[in-house]
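Reviewing the structure listed below.
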Amino acid sequence: MEHLKQVIKAYEKWVASNPEVVCDVETTTKWVSYFIAGRISNSSVVSELVYTLSNIMVLYNDRIIHNSRQLANAAKPANDTLESEELLDVSGSKICYRLKVILTTLEYCEVFLEISAKRVFSNRGKWIIIAILQTMKALGRYFILIHSTERIITTPTLPTLNRRIFTKKGNVSKSSGNNKSALNAQSYAYKLKRSGRVVRRVEGAPPLHCRSFKLNEEINEMRREQVPKILIQAEYIYIAKPLIHLAAMGMFGQKSWKQYILALMMDLASINMYQKNRHLMTKRQQLILSHRCINLLLYIVRSPVYERYTQSKLNNLLTFATNNIPIVKMLTEPLKEYIPHWQNTYYYLWST
């Protein structure tokens with residue numbers, strides 16, 4: 001047991017010291033999962049297992065790198081708190097943070113669990129697992145929305161660490177420590193982790209004769225996180241969408257237009273409510289909203305649109321590329337075989 005602990009500590013130390021090398025290893029592992037698909041028996045289960053493990057490895061390594069940065073900033077001024085939260089969103093209580101880790105792990109594992117359940121318990125067992133997973137995810141997201149300062153939930157629930165910023169800031173701190181301390185001094189406000197209340201520091205107050213008693217831009221940006229109830233309602237709709245869509249699929253069928261239109265309407269309603277109040281959102285929330293708008297394009301590869309329109313046009317495009325572009329055949333032929341499998345595996349449930 002002691003030897004195992006030493007191995008884990010050595011691994012954590014190596015990950016914290018070499019984030020770029022770790023990123024290369026993680027990327028290679030994901031590509032291995034793509035290579036395995038279709039080349040061995042039970043390839044869908046094996047490739048999904050490798051992909052799931054690679055995502056969990058990314059999650060674990062992100063925690064290591066983030067924790068190492070927190071230890072490095074422990075002796076620094078409290079102004080670094082906001083900078084640390086930019087790298088990895090840990091807003092809210094410790095319970096919310098742990099719940100985010102659990103939900104993120106579920107999101108990474110859900111496809112593997114569904115495929116495994118289908119092989120072991122048949123198609124009915126798969127849908128039972130799907131219903132349980134989606135219910136757990138929805139309840140967890142509702143809890144986070146109520147008990148933290150977040151007003152828009154990301155997918156995955158705990159975003160991956162931006163290691164480029166981590167490395168860049170680490171290099172900057174080594175080369176220009178004095179400049180960074182000067183920049184830290186310009187942060188005149190901080191946010192309470194539990195309540196989200198924005199408080200101005202004592203040293204941030206200007207002299208009496210210069211005070212305007214108006215919030216500066218920094219405080220205004222953080223105040224935007226305290227948004228009206230309509231934006232919370234928009235997030236409620238988005239969180240409830242997978243469960244309502246799942247129920248509609250059970251009532252009307254997997255390839256019915258009713259369940260398709262219902263999910264699309266809920267997505268559009270949620271996005272429209274956000275767009276009308278976009279000026280009240282932070283830059284990070286606006287970025288998440290932009291990703292949701294882009295994800296609407298996935299509706300063209302979901303049933304029943306895929307079977308009736310997209311599939312034939314996509315096959316024609318791949319056939320044209322195969323017949324007219326040299327060497328491309330090596331790529332397009334496997335794509336023709338795998339696209340129906342991918343569509344059936346990843347695009348029947350809209351939890352993203």
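The values are calculated or read from the model by the stated rules, or taken from the named source; none is laboratory data. Just so we're clear, the structure is a prediction, and the values are computed from it rather than from any experiment. When we count neighbours, we look across all protein chains shown, and the Cβ atoms used for this are built from the backbone with ideal geometry, even at glycine. Heads up: the accessible areas ignore ligands, DNA and RNA and are worked out on the full protein's heavy atoms, side chains in. Shrake-Rupley method; radii C 1.70, N 1.55, O 1.52, S 1.80 Å.
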*May I ask you to evaluate 6.51 cos²θ - 1.76 cosθ + 1.60, the Karplus curve with θ = phi - 60°, for each residue of segment 260-265 and list the ³J(HN,Hα) values in order in whole Hz, giving x for glycine and proline?*
5, 5, 4, 5, 5, 4
*Carbon-plus-sulfur fraction of the accessible area of segment 239-283, 1.4 Å probe, in percent?*
70 percent
_Rounded accessible area per residue of segment 272-352, 1.4 Å, Å²_ = 62 Å²
*Solvent-accessible area per residue for segment 117-160 at a 1.4 Å probe radius, Å²?*
48 Å²
*Residue-wise, which Karplus ³J(HN,Hα) couplings in Hz belong to segment 232-245, taking 6.51 cos²θ - 1.76 cosθ + 1.60, θ = phi - 60°, and x for glycine or proline?*
5, 5, 4, 6, 4, 4, 5, 5, 6, 4, x, 5, 5, 5
*Per residue, how much accessible area does segment 1-72 have with a 1.4 Å probe, in Å²?*
62 Å²
*asked:* Could you work out the pair-distance distribution P(r) of segment 1-72 from its alpha-carbon pairs, with 10 angstrom bin width and percents rounded to whole numbers?
replied: 19, 38, 28, 13, 1
*Once the Cβ-Cβ distance between N277 and S93 is put in as r, and R0 is 25 Å, what FRET efficiency do you end up with, to the nearest 0.05?*
0.45
_For a protection proxy built on the mean count of beta-carbon atoms within 10 angstrom, sort 255-262, 3-10, 339-346 highest first, please._
255-262, 339-346, 3-10
*Classify segment 226-323: rounded, prolate or oblate, from the alpha-carbon gyration tensor (a ≥ b ≥ c, eigenvalue square roots; a/c under 1.5 rounded; otherwise prolate if a/b is larger than b/c)?*
oblate
*asked:* For the ranges 118-131, 236-249, what's the packing order if you count other beta-carbon atoms within 10 Å of each residue, average per peptide, and put the highest first?
replied: 236-249, 118-131
*asked:* Per-residue counts of other Cβ atoms within 10 Å, averaged by peptide: what ranking do you get for 289-295, 271-277, highest first?
replied: 271-277, 289-295
*Taking the simple approach of a point 7 Å from Cα along Cα-to-Cβ for both N18 and M265, what is their distance in nm?*
5.5 nm
*With 19 Å as the limit, write out which pairs from K126/K255; K30/K118; K229/K276; K137/K241; K229/K258 have Cα-Cα distances beyond it, or answer none.*
K30/K118; K229/K258
*For segment 1-72, with all protein chains present and a 1.4 Å probe, just round the carbon and sulfur fraction of the accessible area to a whole percent.*
66 percent
*Quickly work out the Y60-to-A240 label distance, labels modelled 7 Å from Cα along the C-beta direction, and quote it in nm with one decimal.*
3.9 nm
